[in-house]
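Bear in mind that the values in this text are calculations on the coordinates, not laboratory data. All values derive from a computational prediction rather than experimental measurement. Ideal geometry is used to build each Cβ from the backbone, glycine not excepted, and the neighbour counts take in all protein chains shown.
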Amino acid sequence: MQAPSELIRDVYDLYIGGEWIPSTDDERFPTVDPATKEPLTKVAAAKAADIDRAVEAAREAFAIWRDTAPDERGRIVHRIGQLVRKHRDGLAALESLDQGKPLSQAESDMEGAARYFEYYAGAADKLEGTSVPVGPEQVDFTVREPYGISAQIIPWNFPGNLFARGVAPALVAGNTVVVKPAEETPLSSLRLAELCEEAGVPDGVVNVVTGFGDPAGKALSSHPDVDTITFTGSVSTGQTIMKQAADNVTPVTLELGGKNPAVVFPDADLEEAANWISKAIFTNAGQVCSAADRVLIHEDIHDDLVDRIVEQAVGYEIGSGSENPDMGPLASEKQFKKVIRYIDLGREEGATLATGGNALNRDGYFVEPTVFTDVENDMRIAQEEIFGPVLTIIPFTDEAEALELANDVEYGLVAGVFTSDVKRAHQFARQLEAGNVYVNKWFGDTNQTPFGGYKASGIGREKGLEALNSYLQTKNIAVNLAEGNSGDLPGT
Ligand code: ADP
C-alpha cells in the first residue's frame, strides 16, 4: 500500500470549471481517519457563493457536453472507468483511510465504480426515442434529452462507489454534474474528479464542491439553476432536500435508508443463512442502506441459527481499515455516538444482548459486532435504522406472521427470504414490500440491476438502465404533414 503522504495532498481546494480554487472565504475543515481520530488533510468548505460558481461552470459546459457526439461521450466515460481500474489500489487505500472500511471492501467498491463507468459508457449512443403512429397527417416522435445540471449529494458510507453510480449515467445522458461529497469522506470524490479530467472530460462537466450539508448541500439542492438532484442518505435529510427542491420544482431521485428484513425458514440451509446474514450486517460495519438488520427466524431453528451468527460475530477481527481486518471502525464520531445510543436503547427496551454491545477500548470509532435477541417488532431498535454493526433478531411461528412482521416497518429498500421451498420463495418475493428481494442470498444487486426503495426508502431507481430515467427527459415532437389547419384542439 502507498504511504498516506503519497495519496493525500496537504490541502484541497474546490474543483470547479476544471480548476482547483479555494472557497470564497478560504475556509477549510479537516477530514479525519476514523481508526485514529487523527486529521488526514484539510478540504475547502464551500459556501453558497461557491455553489453558484460551480453551477455556473456546469451550465457553461452543458452547451458543449450536450452536443458532444454520443459515441464520443461514451468513449470518454469508458476511459474514466479504465482509469479507475488502473488506479484502483490507490483509490481504495484513500477510501479506506478516509472512511475506515477494510481495504478489501474499498477495493471492491472501486471495482464497482469502474464498472459503473464501463457499463453506462456503452449506453451513450443507444438512448433512443420512439416513433408514434398517429396517422398520415403527422410525423410524431420522441427524443430523450438531458435535464442539464445534475446535483449529486453523496453520503459517507460508499463515497467513491456512489460518486460513480450517479455521475456515470448523468454524463452519458449528456448532463453536467456538481458533486457534493459528504463532509466526513471527501477524498475519493476529489481524486475521481482528477481522473475524469485525465480521461478527457471537458472543463466544467464534472465539478466537486466539498463542504457541509448546510450551507453547501442546502445551497446546491435549493439552487434555481440545478435541473435534477440525486441524493443518497438518511430519510430526514432526503425529506429536507425534497422540500428545498420543491420551490424550484426540481425533480429528485432519493435512495434513503432501510430496515431490511431477512426471513429464515426451517428448511433453509442454516450454515449458508448464517454466513449471508453475518456478511449482510457486518460489512462496512453495518453502514449499508441494504444491510440485513432485522432478521426474522422461525422458532424451530431460532436458537441454532442465533448460535451460528453469534459464533461468526465473535470471530470477527476488528482493526484499522488499512490493515484489512474483517471489520473497521464506524466512519465518524457522530455515527459512533449514534450506534452506542441505539445499543443502550436496546438494553433499555428489554432486548437480550447475545454478543457484543461495547465500544472497543482503543482510539478510533470501533464498536463490537452486536446481536440482540428477544427483540419485539415495535421496539425502536427493530424499527429505526441504526446504521451500525447491530443485528436485531425477532422470532416467528408461521408464514403469515413472518410476512406481517417483515412488512411492518416504514422502510422498503431490500428484503430477503431463506428457504428451500420454491413456491414459498416466490410467494414471499411477490409480497415483500421492498424494491429489491433476495432469495437465499444477500446483496444480490449488481451495476446492471435496478435498485431503490418502496415506501419511505426513496423515489426512483439507481443502477441498471432504469437509472438513466433520472437523467433524461422525454420530448415529443409533432410535425404537420397535412395541408392547412386541420382543426386539432387540445385534449383530442
Ligand atoms: P447523516 O445524517 O447520516 O450524517 P445525511 O444523510 O445527512 O447523513 O448526509 C448525506 C449527505 O447529505 C452529505 O453529503 C451531507 O452533507 C448532505 N446534507 C446534509 N444536510 C443537507 C441539506 N440540508 N441539504 C443538502 N444536503 C445535505
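Please compute the modelled spin-label separation between residue 42 and residue 311, points set 7 Å along Cα→Cβ, answer in nm with one decimal. Going from the residue 311 label point to the residue 42 one covers 5.3 nm.
For region 426-459, the residues whose backbone nitrogen is under 20 Å from a point 7 Å from the Cα of residue 345, taken along Cα to Cβ, are 456-458. The alpha-carbon positions of region 292-372 define a convex hull whose volume is 103 Å³ per residue.
Taking 10 °C and 1.306 mPa s as conditions, region 336-415 diffuses translationally at an estimated 118 µm²/s according to Stokes-Einstein applied to its Kirkwood radius (Cα pairs). For region 256-266, backbone phi angles converted through the Karplus equation (6.51, -1.76, 1.60; θ = phi - 60°) give residue-by-residue couplings of 9, x, x, 9, 8, x, 10, 9, 10, 9, x Hz, Gly and Pro being listed as x.
Remark: for residue pairs 259/279; 47/180; 47/463, the C-alpha separation exceeds 19 Å in 47/463. Packing around the peptides 85-98, 465-478, taken as the average count of other Cβ atoms within 10 Å per residue, puts them in this order, highest first: 85-98, 465-478. Put simply, when 337-348, 182-193 are sorted by average Cβ atoms within 10 angstrom per residue, most first, you get 182-193, 337-348.
Across region 127-193, C-alpha contacts under 8 Å between residues 6 or more apart give a mean separation that, scaled by the residue count, equals a relative contact order of 31 percent.
Scanning residues 5 or more positions from residue 473 or on other chains, those with amide H under 5 Å from its amide H are 145, 147, with H placed 1.01 Å from N in the peptide plane. The HN-Hα couplings worked out from phi for region 11-16 by the Karplus form 6.51 cos²θ - 1.76 cosθ + 1.60 (θ = phi - 60°) are 9, 10, 9, 7, 10, 10 Hz, whole numbers, x standing for Gly and Pro. Here the chain is assigned +1 on the Cβ of each Lys and Arg and -1 on the Cβ of each Asp and Glu. Its dipole about the Cα centre then comes out at about 860 debye.
Take each peptide in 369-376, 388-395, 139-146, 356-363, count the other Cβ atoms within 10 Å of every residue, and average; sorted highest first, the result is 388-395, 369-376, 139-146, 356-363. Couplings for region 130-142, taken from phi via the Karplus curve 6.51 cos²θ - 1.76 cosθ + 1.60 with θ = phi - 60°, read 10, 9, 10, x, 10, x, x, 9, 8, 8, 9, 8, 10 Hz in order; Gly and Pro are left as x. Modelled label positions at residue 69 and residue 49, each set 7 Å beyond Cα in the direction of Cβ, lie 4.3 nm from each other. The slack in the chain from residue 358 to residue 420, taken as 0.36 nm per residue of separation less the alpha-carbon distance, amounts to 18.7 nm.
Our analysis of region 43-157 gives Rg over Rh at 1.11, with the two radii drawn from alpha carbon positions and Rh computed by the Kirkwood formula.
With K and R counted +1 and D and E -1, the other residues having a Cβ less than 10 Å from that of residue 156 yield a net charge of -2. Can you tell me the relative contact order of the chain? Whole percent, Cα pairs under 8 Å, sequence separation 6 or more. About 17 percent, as a whole number.
Under a 5 Å amide H cut-off, with hydrogens placed 1.01 Å from N, residue 46 pairs with 210, 211, 212 among residues at least 5 apart or on other chains.
Around the amide H of residue 391, modelled in the peptide plane, lie the amide H atoms of 370, 371, 372, all under 5 Å away and 5 or more residues distant in sequence or on another chain. Pairs of Cα atoms in region 261-439 fall into 10 Å distance bins, from 0 up to the last occupied one, in shares of 10, 41, 35, 12, 1 percent. When restricted to Cα atoms, the chain yields an Rg and a Dmax of 23.8, 84 Å, respectively.
Dividing the radius of gyration of the alpha carbons in region 255-297 by their Kirkwood radius gives 1.00 for Rg/Rh.
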